[in-house]
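Student: The following block contains the structure, expressed as structure tokens.
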There are 2 protein chains.
Amino acid sequence: MDRLEALRKLLPGKVETSQAERRRHGRDEGYPEEGEVLAVVYPEGVEDVRKALLWAREHQVAVIPFGAGTSLEGALLPLGEAISLDLSRMNRLLEVRPQDFLCVVEPGLTRKALNEALKGTGLFFPVDPGADASLGGMAATNASGTTTVRYGGMRQNVLALQVVLANGEVLELGRGVRKTSAGYDLKDLFIGSEGTLGVITRLTLRLHPLPEHVHTLRVFFPGVEEAAEASYRVMATGLPVARLELLDELALKALNQHLGAGFPERPALFLEFHASTREALEAESALALELMREAGALEVEAAKREEERKRQWEARHQAYWALVHLFPGHRFVITDTAVPLSRLPEAVRYAQALLREMGLTGNVLGHVGDGNFHTLVPVLPEEYPKAEAFAEKLVKKALELGGTCTAEHGVGLRKRKYLPLEHGPALDWMRHLKALFDPQGLLNPGKVL
Amino acid sequence: MDRLEALRKLLPGKVETSQAERRRHGRDEGYPEEGEVLAVVYPEGVEDVRKALLWAREHQVAVIPFGAGTSLEGALLPLGEAISLDLSRMNRLLEVRPQDFLCVVEPGLTRKALNEALKGTGLFFPVDPGADASLGGMAATNASGTTTVRYGGMRQNVLALQVVLANGEVLELGRGVRKTSAGYDLKDLFIGSEGTLGVITRLTLRLHPLPEHVHTLRVFFPGVEEAAEASYRVMATGLPVARLELLDELALKALNQHLGAGFPERPALFLEFHASTREALEAESALALELMREAGALEVEAAKREEERKRQWEARHQAYWALVHLFPGHRFVITDTAVPLSRLPEAVRYAQALLREMGLTGNVLGHVGDGNFHTLVPVLPEEYPKAEAFAEKLVKKALELGGTCTAEHGVGLRKRKYLPLEHGPALDWMRHLKALFDPQGLLNPGKVL
């Protein structure tokens, strides 16, 4: 019996080998190369995951966990013979415990489906990377997003994980409590490990009360400098800002062309405040406006109704698709550096100047409250190496400024080369950990390290 | 040349061997047994720490890192031949970068000294375990405290660490940025490892803006149940509560006797709200009061002036010393369980009933916003085993409720026996990690695992 036959016997009705499926699982949304896996396994529970991993060990075939396929750095590309472990059938919301502010989910559930299911509980899960990613995938890359400045990213919002190791062992990591000092923090070791240490099969997530009162603003500035200064002043005052996003003039131009949005085409902050009383919200928004005017704000637009707020954030999340639409036939390089907060203006200026100097165009979008910004660079296929050279220079600048090569997209294949510079000798110890948990190197090999 | 002679030669002026020093470093503030180390080394920089570790390896002597000596679970007790590595001379504030909301410190700096030094910057370091612990020690036990409900504990507030491994290697873990997905999270592996994986020699800490407006309250309830319900309502509304502490009637009685404080002797919440505008503060405090009255609050006392606020929190932190004062000649067992938020009333009732049933007295003090509470049990030396039996039952109850045996005090020696129950097979993997980083078992041996 050949090995795929054995796999089908082991997991009847859960193995797909059509070329379409094998190709769809050999790529992600941001990496230029594409591959093809041997087969796609659709586990329906932890026991299926164990079976697939034990099969993989027996036949020495690599395993690549797959959530929603929205990753950007090449984490899903097979480098040799590999099966894809598509967790989309494990998408149940297992438990909601509103009085504990937590829920328990399977890894294939997406963040939007979760928030839909939470309607009526008064709670929500705040991490929003833009894409409707799976929660398991978001934990695997330590994803974050526009609300991280207030609510934290995945690391702060995953209380516990169930994982299956390469040897088939099932571990429970962390507890459904807000604090623990009981031993080594394995939960956080698996968050951000991109499927290279084990497969996440269950997550206990922290939920937050839906804000009673929300105020959403768009504030426009003469330059990025002034916008960054305004952000700093807002944060230094301890205002409870829930979102604090920087968009440069080109990003707004792309949104105007794509959505007909009519935004002023100047560097902007998109902000949101959450509060539990109307008076608090009004006082805080007023103070924020005053601080931003002092920092040089030119125009302010408030999104008063729910509908308009939604449109604003939908527009923010459309920034990538706006470019795709405006640049048909192009490829896109998306950078994801973060720097210490005070160095953000310098890093953004550097990126903008470098784009001009290299004859590239590109939009800057920043989670400015976290010191994290993305540059979206559309290029024709033959210019891709130039865009990659730009990205490399930007990473090196970010590292020079004390920053990181990847704030929220993960390492995948693309960022591996920067880890020696970022971590120095600590990288060897990451390799030791990999060898400990996956001695045969079967879990998403060649990624991260 | 004998080994201590060699150590003195290696680190002239930095080795103490008087019996007083050797004894002072062989104990902590909460564990009943006391020991004696071979010698105390006072490193003055990372190179001294390396030298001490290499000496220890050469002579196969254990090394126990020592911060301020305020730990409670036996983490400092030598189980065999060991030197103490007292980091109190490494107590410099190396760098403050207000615009990055961070600072860089040596591990021996205490949290109070740090906040003293930060005066004038408009920023503070929020983690407050009560004792004036060293920041390195706080990271080593993943400490937290009264403000964790708002600002997080050490894990959320340490951005990066420098550590020295048993083999003398110096690693830099994490970066001075708010977000990173660049590889495995070694920083959080070392936080909470209680000196068993390496010695922390530098910390990059996140700082927060000092609140512009503060409102501090004491609210009294007919029972613990009502106080817990009030806490839940406050948290469910998303109010920006910065402190949310439960004290039972016995705790208040002890404080009244010790400090002459005149508090009503009923279950109480001590609360604090932080806001950036007066209007926000007033509206939020009013809403909180309304919610607490609905939940059955009987009396409310507001601490209006800075002086009175300080007294309130000083009283909270004095709860342990009040008992020490009231029960001369007694020993104290302090429990540190956390449970999912909704199970807190049940856990507290269980603790109170069990104390009565076992003929013990004890105060309950809770970081109720985190589901974490302490029971302080004074006993005569001959009754110590009974108090330990109480603590064991309470831990088992907490684990049954989905909780943890130690929320913020760490494992040390006392909690080791509970880890198999709390972690199951994951504990073996913690042991593998220990063997990887410290193959000769020289770093604080016998602790945690």
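The values are calculated or read from the model by the stated rules, or taken from the named source; none is laboratory data. The structure presented is a predicted model; accordingly, all values stated were derived computationally and were not measured. All Cβ positions, even for glycine, are placed from backbone atoms using ideal geometry, and neighbour counts span all protein chains on display. All accessible areas refer to the heavy atoms of the entire protein, side chains included, with ligands and DNA or RNA removed. Shrake-Rupley method; radii C 1.70, N 1.55, O 1.52, S 1.80 Å.
Student: Go through (1) among the basic types (Lys, Arg); (2) more than 10 Å from every other protein chain (Cβ to nearest Cβ); (3) surrounded by 18 or more Cβ atoms within 10 Å (Cβ to Cβ) for residue A:396 and report which single condition fails.
Tutor: So the condition that residue A:396 fails would be (3).
Student: On to the next question. If you scan the range A:234-270, which residues turn out to be aliphatic (A, V, I, L, M) and either free of Cβ contacts under 8 Å to residues at least 40 places away in the same chain or within 14 Å of chain B (Cβ to nearest Cβ) (or both)?
Tutor: Matches in the range A:234-270: A:234, A:235, A:236, A:239, A:241, A:242, A:244, A:252.
Student: The conditions are (1) more than 8 Å from every other protein chain (Cβ to nearest Cβ); (2) in contact with a helix residue (DSSP H, G or I) (Cβ under 8 Å, 6 or more places away or on another chain), and residue B:307 fails exactly one of them. Which is it?
Tutor: (2)
Student: Output the residues belonging to the range A:338-354 that are open to solvent by 20 Å² or more (accessible area, probe 1.4 Å) and among the aliphatic types (A, V, I, L, M).
Tutor: Correct list: A:341, A:353.
Student: Next question, about the same structure. Within the range A:305-337, which residues are open to solvent by less than 30 Å² (accessible area, probe 1.4 Å) and outside any strand (DSSP E or B)?
Tutor: Result: A:312, A:313, A:315, A:316, A:319, A:322, A:323, A:335, A:336.
Student: Do we have residue A:432 as at the interface with chain B (Cβ under 9 Å from one of its Cβ atoms), part of a loop (DSSP other than H, G, I, E, B) and open to solvent by 30 Å² or more (accessible area, probe 1.4 Å) here?
Tutor: When the stated conditions are applied, residue A:432 does not pass them.
Student: Under the condition of being open to solvent by 20 Å² or more (accessible area, probe 1.4 Å) and touching a residue at least 12 places away in the same chain (Cβ under 8 Å), which residue from the range A:399-416 is farthest from the other protein chains (Cβ to nearest Cβ)?
Tutor: Among those that are open to solvent by 20 Å² or more (accessible area, probe 1.4 Å) and touching a residue at least 12 places away in the same chain (Cβ under 8 Å), it is A:413.
Student: Here's something else I'd like to know. If I go through the range A:102-135 residue by residue, how many of them are of a type in the set (A, V, I, L, M) and either within 12 Å of chain B (Cβ to nearest Cβ) or open to solvent by 30 Å² or more (accessible area, probe 1.4 Å) (or both)?
Tutor: So the answer is 7.
Student: Take the residues in the range A:136-152 that are touching a Lys or Arg at 6+ places or on another chain (Cβ under 8 Å) and closer than 19 Å to residue A:448 by Cα; name whichever of them is surrounded by the fewest Cβ atoms within 10 Å (Cβ to Cβ).
Tutor: Among residues in the range A:136-152 that are touching a Lys or Arg at 6+ places or on another chain (Cβ under 8 Å) and closer than 19 Å to residue A:448 by Cα, the one surrounded by the fewest Cβ atoms within 10 Å (Cβ to Cβ) is A:142.
Student: May I pose another question? Using beta carbons and a limit of 6 Å, which pairs, at least six apart or on different chains, have the first residue in the range A:338-363 and under 27 Å from residue A:236 (Cβ atoms) and in a helix (DSSP H, G or I) and the second one of a type outside the set (Asp, Glu) and open to solvent by 30 Å² or more (accessible area, probe 1.4 Å)?
Tutor: Short answer, once both residue conditions are applied: A:342/B:99; A:350/A:397.
Student: Another question, then. What are the residues in the range A:32-75 that are open to solvent by less than 30 Å² (accessible area, probe 1.4 Å), among the aliphatic types (A, V, I, L, M) and within 28 Å of residue A:1 (Cα to Cα), if any?
Tutor: A:37, A:39, A:40, A:41, A:49, A:52, A:53, A:56, A:61, A:62, A:63, A:64
Student: Do we have any residue at all in the range A:178-198 that's outside the structural domain of residue A:271 (by TED's automatic domain parsing) and in a strand (DSSP E or B)?
Tutor: no
Student: Taking residue A:166 as the residue in question, decide whether it is of a type in the set (A, V, I, L, M), closer than 22 Å to residue A:245 by Cα and touching a residue at least 40 places away in the same chain (Cβ under 8 Å).
Tutor: no
Student: Of the residues A:149, A:164, which is more than 11 Å from chain B (Cβ to nearest Cβ) and among the aliphatic types (A, V, I, L, M)?
Tutor: Exactly one residue qualifies, and that residue is A:164.
Student: Among the residues of the range B:219-226, is there at least one that is assigned to a loop (DSSP other than H, G, I, E, B) and either within 13 Å of chain A (Cβ to nearest Cβ) or surrounded by fewer than 22 Cβ atoms within 10 Å (Cβ to Cβ) (or both)?
Tutor: Checked the range B:219-226: at least one residue is assigned to a loop (DSSP other than H, G, I, E, B) and either within 13 Å of chain A (Cβ to nearest Cβ) or surrounded by fewer than 22 Cβ atoms within 10 Å (Cβ to Cβ) (or both).
Student: Follow-up. I'd like to verify a number: residues in the range B:274-304 that are more than 8 Å from chain A (Cβ to nearest Cβ), touching a strand residue (DSSP E or B) at 6+ places or on another chain (Cβ under 7 Å) and not in a helix (DSSP H, G or I), how many?
Tutor: Here the count works out to 7.
Student: Let me ask something else. Would you call residue B:386 assigned to a helix (DSSP H, G or I) and either of a type in the set (A, V, I, L, M) or out of contact with any strand residue (DSSP E or B) (no Cβ under 7 Å at 6 or more places or on another chain) (or both)?
Tutor: Here the answer is no, as residue B:386 does not meet what is asked.
Student: Please go through the range B:136-162 and pick out each residue that is over 25 Å from residue B:212 (Cα atoms), of a type in the set (A, V, I, L, M, F, W, C) and part of a helix (DSSP H, G or I).
Tutor: Once the filter is applied, which keeps residues that are over 25 Å from residue B:212 (Cα atoms), of a type in the set (A, V, I, L, M, F, W, C) and part of a helix (DSSP H, G or I), the range B:136-162 yields B:138, B:139, B:140.
Student: Would the range B:188-198 turn up any residue that is without any contact (Cβ under 8 Å) to a residue 60 or more places away in the chain, farther than 30 Å from residue B:363 by Cα and at the interface with chain A (Cβ under 7 Å from one of its Cβ atoms)?
Tutor: Yes, that holds for at least one residue.
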